[in-house]
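Read the structure below first, then the notes.
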Amino acid sequence: MIDFCTSNVRSRSDVVQASRLQAWNWQARCLPHPLNRHITCAEVMKLRHAQGTSLIEVLFVVATSAVVLSGAAAHFRTLRQTNDLTDARREALQNARVALDRLARDLRAAKTITSLTAPTNTAGSITITDSSGVNHVYSLVGSEIRCGLLAATDLLAANVKSLSFQGYDGLGTVPETNPGGIDAVQISLTASIPNSTGTIPLATRVRLRRQTGGACRSYASYAAAYTTTLGSGLSNPTNAYGAPNGTLARLGDTRGGRYSGFGPGSYTGTVYCVLAGTRLYHYKNSLQLTIRYDSTVLLDKTYTNSDLAPVHGLLGWWWLDITSTRKSWTATDLDNLSIEVRDPGASKTQVDFDCFVIRSFFDPPKTTFIWADRLGKLVNNWQSPANAFGAPNSAYATGSWTNEDYQSFGFAAPTSKDEILTVAACVQGYVTATIADDRMQANCAPSGKGWGYGTTHNLVASDLNPFVGFLKQGAITSDLTNDRVWAWGDFGTYEARFFLDRVDGADAALWADAVGWRVLCAPSGGKGISQWSEK
């Protein structure tokens, strides 16, 4: 009898298999339990598979594997393309950043912008001049940024699609097309990603420091208006308008006049230093000078023959630092200033004026201290005067009003090309007490000359009061700017002298931690500030 598993046989092999199954089942019935059972259809199939694998099954496995492998290959190919694109983008970005950084660094240190293409030109070019007067050119040639002296010859970056430049004024806000008026530049660069249509836009804005080799942007504003303030005024007052040209306006007898109209220029940012100046020729007697901000008096002082000695009998500059007379300055404040000159009484003053000017500085001038390194050649009366050598270090030299002490100090001259703006003799220290009639005198003269040589300046109680007491120590200064036309070498041959003069009152003392020259200077590389004037 044929089992159920043999009821659907359709081939000779199936019949043979069914016969074998009947024999196995008959043998199984003769065996004791648990082998006394029928072999199932599933077990038969296992036995059949144990015999081998059909061609159809092999082809099916191969086809399935091919589909899976082809999908994996496509995935890895896409992943590799993505990685290649990422690497290309990274390299393009790096090259563009290097080029942009180089452009920004060179522009920041430029003396002037000589020329540049319009901002709409995507194949832009710019020429800058360095502190030595050498031109550097940067230009997009095809897809390469090239640079070089006088011509763009050296490769700076490749795969660049566009390069453009936009100039700005001193505030960096208003577009500027005139190269001479450009104070800031925006650089726009678009890099191409190799083997793709992708691009990377980059941009940066750079403000010119104008500091390479030394530079300090300034603006010289000359008087343009005159008002009579006393008597018949100055003779030919309009001769003192504008820049110095050798035509003179004379102040004589009791006349007086006020000059104003100092325009602020186009710069409207912070002003770090303001100097009021006049180019004059002194004949005789005292001069009273008053500087006002609108109706507010900033300075009112009478200068004697000794004060005017450097310009007596010759035409020279007379400068006054008025920065500290106001809390802060902007360029627009300059238009509110006026300078008045007059005879202080019936002294019959005679002075000729070539011009009146306000100089404003838009970069902080340097403050240089030249500290004493030796004693001068006059008699030394201070206690422990060598303690005032070198920079401040809390080792004090003392001078007493009781003995009316004086002391002379010598210096080593620095080597510098910076332009000297103001010079002051300086004592870094404090005083123990002051009264109304006490004073300290400052004097500068060539080494070996007597006290009477040179100009003597008085610091009275009102000047010294801010430095009374240890907690109020600071730089006690006497302005010596107009004693001479200063050169850096002078500081090595001139001595600074301080004399303590007690007219009346209780004992007092000066505690000097350091003695020196305080020099305010403008970095200019020896080329003069006028070449760096703000336009």
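The values are calculated or read from the model by the stated rules, or taken from the named source; none is laboratory data. Model, not experiment: these values are computed from the prediction. Note: ideal-geometry Cβ built from the backbone for every residue, glycine included; neighbour counts use all protein chains shown.
Structure summary
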read-out	value
Tally, over the stretch 281-296, of residues that are aliphatic (A, V, I, L, M) and in contact with a Ser or Thr (Cβ under 6 Å, 6 or more places away or on another chain)	1
Residue count, the stretch 486-503 (criterion: farther than 17 Å from W451 by Cβ and of a type in the set (F, W, Y))	3
Residue list for the stretch 132-158, filter: surrounded by 12 or more Cβ atoms within 10 Å (Cβ to Cβ) and among the hydroxyl-bearing types (S, T, Y)	Y138, S139, S143, T153
Of residues in the stretch 360-378 being surrounded by fewer than 23 Cβ atoms within 10 Å (Cβ to Cβ) and part of a strand (DSSP E or B), the one modelled with the lowest pLDDT	K366
Among the residues listed as N336, N305, the single one being surrounded by fewer than 18 Cβ atoms within 10 Å (Cβ to Cβ), at negative phi and at pLDDT 90 or above	N336
3 or more residues surrounded by fewer than 20 Cβ atoms within 10 Å (Cβ to Cβ) and under 32 Å from the mean Cα position of the chain (by Cα): qualifying strands (runs of 3 or more DSSP E) within the stretch 379-482	474-479
Entirely in the stretch 221-277, the strands (runs of 3 or more DSSP E) that have 2 or more residues that are acidic (D, E) and under 33 Å from the mean Cα position of the chain (by Cα)	none
Residue among V379, V423 that is in contact with a Cys (Cβ under 9 Å, 6 or more places away or on another chain) and either under 23 Å from R439 (Cα atoms) or not assigned by TED's automatic domain parsing to the domain that holds F470 (or both)	V423
Residues of the stretch 368-421 that turn out to be small (G, A, S) and free of Cβ contacts under 8 Å to residues at least 60 places away in the same chain, as a count	2
Filtered residue count, the stretch 316-332, keeping only those that are aliphatic (A, V, I, L, M) and either more than 25 Å from V351 (Cβ to Cβ) or at pLDDT below 90 (or both)	1
Top-ranked residue in the stretch 172-210 [being of a type in the set (G, A, S) and in a strand (DSSP E or B); ranked as modelled with the lowest pLDDT]	A184
The one condition in (1) more than 26 Å from S360 (Cα to Cα); (2) in contact with a strand residue (DSSP E or B) (Cβ under 7 Å, 6 or more places away or on another chain); (3) touching a residue at least 12 places away in the same chain (Cβ under 8 Å); (4) not acidic (D, E) that Y453 fails to fulfil	(3)
Matching residues in the stretch 137-168 - criterion: being over 19 Å from T114 (Cα atoms), free of Cβ contacts under 8 Å to residues at least 24 places away in the same chain and not hydrophobic (A, V, I, L, M, F, W, C)	G142, E144, D154
Matching residues in the stretch 44-99 - criterion: being of a type in the set (D, E) and either modelled with pLDDT of 80 or more or in contact with a Leu (Cβ under 7 Å, 6 or more places away or on another chain) (or both)	E91
Residue satisfying all of: in the stretch 90-121; of a type in the set (K, R) and in contact with a strand residue (DSSP E or B) (Cβ under 9 Å, 6 or more places away or on another chain); farthest from G198 (Cα to Cα) among these	K111
Matching residues, the stretch 395-413, being modelled with pLDDT of 90 or more and hydroxyl-bearing (S, T, Y)	Y396, T398, S408
Residues of the stretch 485-533 satisfying the condition of being at pLDDT 75 or above, under 17 Å from L275 (Cβ atoms) and surrounded by fewer than 19 Cβ atoms within 10 Å (Cβ to Cβ)	V485
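For (1) β-branched (V, I, T); (2) surrounded by 11 or more Cβ atoms within 10 Å (Cβ to Cβ), each residue gets a yes or a no:
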| site | (1), (2) |
| --- | --- |
| S65 | no, no |
| V68 | yes, no |
| A74 | no, no |
| T78 | yes, no |
| Q81 | no, yes |
| A88 | no, yes |
| E91 | no, yes |
| N95 | no, yes |
